[in-house]
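Q: Submitted below is the structure of interest, expressed as structure tokens.
Just so it is clear, none of the values below were taken in a lab; they were calculated from the coordinates. Note that the structure is predicted; figures quoted are calculated from it, not measured. Glycine also receives a Cβ, built like all others from the backbone with ideal geometry; neighbour counts cover every protein chain displayed.
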Amino acid sequence: MTRIEGESAQAKGADGAQRAKRWLESTTRVNAQWVNPNPPAVAKLTFAWPHGGQNFSFDLGGTLKYGDYDGHEFFAESKNYAEPSDLPKHYSKFLAQCYVAYDKMPSRADHFMWIAWSPHSITDWPKLTTADYVRAHVLKHRERVFGTDDEAEAAALVDEGVVSAVASRLWLVILSTKQETLVISKEHRSVIEAYETRKGE
């Protein structure tokens, strides 16, 4: 990839993260206060792979508001792609990242959101948030997660509790440009937020 192509991909990724933030916050149930690469967000969203000496980071994160999820934290990955392209490969890596994040810091890993502008892996769609699917893709990244290329050895190291926890915390969000416009207005949002503030006093 050339430098110009790389810069274009970075700009597209940053745009996707900001669009995901706007949409999430338009639900009035999300405060997406951490967005990469804003400096305050980097420490909140970055984790180390257990093996290989490299880090990874989620695109955005924050807290959920009101109802059963009030105060829960989330990490999210946004993929601003118009077509499936290599989304299955990215989703596979995302699952391994979720496994590592929950294993390292379960108190902060309440929800994991995959936000994309194109569906992918359609034939496997019903399986994408199952424990079996999570386990299979954690094993695909076994060298960075478990430090071994031996699948049987890695399988013996998988923590099934972590696999189940990750699967139960996954959200799949597929957006479209038109859908992004069909959200509550800023004016109406301010009314809801003012009401919630008064209710809590």
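Q: When the chain is treated as a GNM, springs tying every alpha-carbon pair under 10 Å, which of 20, 152, 109 comes out with the largest mean-square fluctuation?
A: Judging by the Gaussian network model, the answer is 152.
Q: What is the dipole size for region 106-155, taken about its Cα centre, with +1 at each Lys and Arg Cβ and -1 at each Asp and Glu Cβ, in debye to the nearest 20?
A: The calculated dipole for region 106-155 is roughly 240 debye.
Q: Also, I was wondering about something else. Shape verdict for the chain, please, from the Cα gyration tensor: rounded (a/c under 1.5), prolate (a/b greater than b/c) or oblate.
A: prolate
Q: May I pose another question? Would you kindly derive the ³J(HN,Hα) couplings of region 158-174 from the backbone phi angles with the Karplus curve 6.51 cos²θ - 1.76 cosθ + 1.60 (θ = phi - 60°), listing them in order in whole Hz, with x for Gly and Pro?
A: 5, 8, 5, x, 5, 4, 5, 5, 5, 4, 6, 9, 7, 10, 10, 10, 10
Q: Now for a different question. May I ask you to evaluate 6.51 cos²θ - 1.76 cosθ + 1.60, the Karplus curve with θ = phi - 60°, for each residue of region 113-120 and list the ³J(HN,Hα) values in order in whole Hz, giving x for glycine and proline?
A: 10, 9, 10, 9, 9, 8, x, 7
Q: Here is a further query. Using label points projected 7 Å from each Cα along Cα→Cβ, tell me how many nm separate residue 127 and residue 184, to one decimal.
A: 3.8 nm
Q: How large is the helix-only mean residue ellipticity at 222 nm for the chain, computed as the sum of -39500 (n - 2.57) over DSSP H runs with n ≥ 4, divided by its residue count, in deg cm²/dmol to the nearest 500? Please report the intermediate quantities before stating the final value.
A: Working: 9 runs with 101 residues, N = 201.
It lands at -15500 deg cm²/dmol.
Q: Looking at region 63-196 only, what percent of DSSP beta bridges run antiparallel? Nearest 5 please.
A: Of all bridge pairs located within region 63-196, approximately 10 percent are antiparallel.
Q: Show me, for region 14-25, the HN-Hα J-couplings you get by feeding each phi into the Karplus relation (A = 6.51, B = -1.76, C = 1.60, θ = phi - 60°), rounded to Hz, glycine and proline as x.
A: Computed from phi, the couplings for region 14-25 are 5, 5, x, 5, 5, 5, 5, 4, 4, 5, 4, 6 Hz.
Q: Something else now. What is the distance in Å between the Cα centres of region 35-51 and region 60-130?
A: Taking the Cα centre of region 60-130 as reference, the centre of region 35-51 is 15 Å away.
Q: Using amide H atoms built in the peptide plane, which far-off residues or other-chain residues are under 5 Å from residue 72 H to H?
A: 64
Q: With +1 on each Lys and Arg Cβ and -1 on each Asp and Glu Cβ, how big is the dipole of the chain about its Cα centre, in debye rounded to the nearest 20? Numbers along the way, then the final one.
A: Values: 24 positive and 27 negative charges, 119 e Å.
Computed charge dipole of the chain: roughly 580 debye.
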